[in-house]
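One structure is given below, encoded as structure tokens.
None of the figures in this text is laboratory data; all of them are computed from the coordinates on show. Remember, it's a predicted structure, so these values are computed and weren't measured experimentally. Cβ coordinates were reconstructed from backbone atoms using ideal geometry, including for glycine residues, and neighbour counts include every protein chain displayed.
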Ligand code: SAM
Ligand code: SF4
């Protein structure tokens with residue numbers, strides 16, 4: 001049987017897309033390969049968000065070129081596909097730079113992958129960078145129940161693709177196209193199939209997920225809050241999350257959903273990017289630092305225990321030391337449970353890349369270190385504050401050691417539970433007993449549910 005290997009770079013949207021491409025190639029008769037070396041078809045699902053991410057693809061393609069040559073010498077041919085945002089941004093240039101590549105396919109064209117692969121295997125290299133999201137979602141195959149089960153207890157569902165915000169630093173509006181919301185009925189069907197297959201947590205994803213405005217089964221336009229309410233009503237659902245949100249689209253009904261829908265987890269990833277109004281304006285974020293603060297207050301008023309996370313960019317063109325310190329101050333005031341922070345990376349074709357006053361690399365490095373040290377201290381403080389709390393944990397899989405289970409708290413903290421008999425997909429109540437750098441430790445609170453051997457040991 002032919003085998004396929006898919007390597008995913010970048011964001012959750014790519015993780016989801018890789019799953020859908022796996023379903024497409026499975027229908028075409030490809031089994032999953034454990035490594036690229038073992039595969040007749042290799043797909044790199046690429047990320048273009050920062051220069052480093054894009055360059056990684058070319059170094060991987062160098063490795064794959066050698067591998068393809070070696071396999072060919074032993075009579076085994078390899079088809080190499082570059083998918084994702086680098087494919088969209090660079091198109092045919094990829095085949096020019098890396099001639100071992102057979103197919104280049106952008107995120108709007110994955111449903112045409114089988115034809116492109118067939119053509120490539122008949123020696124016709126193909127590039128497809130059309131934006132056909134409507135057709136794509138209508139024609140991509142459904143995963144089989146067995147494939148869903150192999151994905152564990154938590155799954156992403158794309159509800160919205162593309163972005164019309166045009167932040168001045170960002171390539172997404174160019175690589176993912178204009179904002180498009182999927183019809184709510186199709187999303188609910190997909191969620192239902194996942195829940196039937198054993199998924200218990202659904203994360204609704206989109207580049208601008210809270211800008212969702214899809215057609216509902218009732219013919220009206222549904223907001224994200226309305227969609228979440230409908231997902232919460234599906235049999236088998238235990239947890240709902242959504243990401244990534246834009247501050248401008250954080251509507252009242254979505255804030256209220258955090259108070260009213262128990263399955264909606266108390267966690268919000270809301271990228272703030274910077275703390276200086278001048279920089280936010282130059283970024284074309286269309287919110288000020290104070291508007292961001294007030295928004296966080298509204299969310300905390302609705303759901304006081306909400307855990308917050310953010311993305312930050314340091315060293316945006318023209319950022320002064322004082323402006324960077326405003327970012328530090330904003331982050332410190334809010335106290336994020338988790339965060340992602342990046343050095344500004346000029347992206348060809350975006351307005352910020354043409355600003356003359358680029359911040360020198362050493363200054364960016366130094367700012368990133370300071371911001372990350374502070375964000376990490378806040379994350380650890382958030383985790384330490386969990387010790388002693390009784391929390392619900394969604395069990396995901398057995399832990400590394402016997403008698404251990406891995407799962408997540410409502411606040412997206414990784415937790416290792418000892419002394420409990422439970423299956424993946426169950427939500428159990430535990431007491432948090434300690435912290436490690438990247439996870440929490442917990443023990444059961446209900447004596448009746450404890451695993452027998454460990455009850456004896458206690
Ligand atoms: N749509 C989301 C939003 O509105 O923030 C996030 C999109 S992007 C995939 C994820 C993060 O990458 C952004 O929030 C931003 O912090 C970062 N990012 C985007 N472009 C960047 C660039 N040119 N340089 C550095 N970081 C960048
Ligand atoms: Fe990029 Fe801004 Fe759109 Fe987010 S909102 S995807 S950062 S342009």
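Looking at segment 191-272, what % of its DSSP beta bridges pair antiparallel, to the nearest 5?
The antiparallel fraction comes to roughly 25 percent.
Could I have the simple spin-label model distance between residue 123 and residue 3, label points 7 Å from Cα toward Cβ, reported in nm to one decimal?
The modelled label-to-label distance comes out at 2.8 nm.
Restricting to the chain, what percent of DSSP beta bridges are antiparallel, rounded to 5?
35
Shape verdict for segment 38-139, please, from the Cα gyration tensor: rounded (a/c under 1.5), prolate (a/b greater than b/c) or oblate. Please list the in-between numbers first.
Numbers: a/c = 2.12, a/b = 1.25, b/c = 1.70.
Oblate is the answer for segment 38-139, as a/c is 1.5 or above yet b/c matches or exceeds a/b.
Suppose each label sits 7 Å from its Cα in the direction of the beta carbon; what would the residue 291-residue 252 distance come out to in nanometres?
Simple spin-label model gives 1.8 nm for this pair.
Kirkwood-based Rg over Rh for segment 1-64 (C-alpha set), two decimals?
Here the Rg-to-Rh quotient is 0.99.
What is the extension gain from residue 135 to residue 325, computed as 0.36 nm multiplied by their sequence separation minus the C-alpha to C-alpha distance, in nm to one decimal? Mind dumping the intermediate values first?
Details: separation 190, 0.36 × 190 = 68.40 nm, distance 4.65 nm.
Extra length from residue 135 to residue 325 when fully extended: 63.7 nm.
Could you tell me the convex hull volume per residue, in Å³, taken over the Cα atoms of segment 276-354? Write down the numbers at each step before the final one.
On the way: hull volume 7.5 nm³, N = 79.
Value for segment 276-354: 95 Å³ per residue.
Hey, what's the Kirkwood Rh for segment 304-454 if you take every pair of different alpha carbons, in angstrom?
For segment 304-454, the Kirkwood estimate is 17.7 Å.
Each label point is 7 Å from the Cα along the Cα-to-Cβ direction; what then is the distance between the points at residue 340 and residue 66, in nm?
3.1
Just to be sure I understand: of the beta bridges DSSP finds with both ends in segment 308-458, what percent are antiparallel, rounded to 5?
Roughly 70 percent of the DSSP beta bridges within segment 308-458 come out antiparallel.
Output the Kirkwood hydrodynamic radius of segment 201-266, Cα pairs only, in Å rounded to one decimal.
So the Kirkwood estimate lands at 12.0 Å.
What is the gain in length, in nm to one decimal, between residue 281 and residue 220 on full extension, counting 0.36 nm per residue of separation less the C-alpha to C-alpha distance?
Working it through step by step, the gained length comes to 18.5 nm.
Enter the Cα centre distance for the pair segment 169-221 and segment 52-110, rounded to the nearest angstrom.
After rounding, the separation between the Cα centres reads 29 Å.
From the helices alone, meaning DSSP H stretches of at least four residues, give me the mean residue ellipticity at 222 nm for the chain, per-run term -39500 (n - 2.57), in deg cm²/dmol to the nearest 500.
One gets -11000 deg cm²/dmol as the mean residue ellipticity at 222 nm.
Whole number please: convex hull volume per residue of the Cα set in the chain, in Å³?
Expressed per residue, the convex hull around the Cα atoms of the chain is 157 Å³.
If the label point is 7 Å along Cα→Cβ of residue 37, which residues in segment 77-111 have backbone nitrogen under 20 Å from it?
Backbone N within reach: 77-81.
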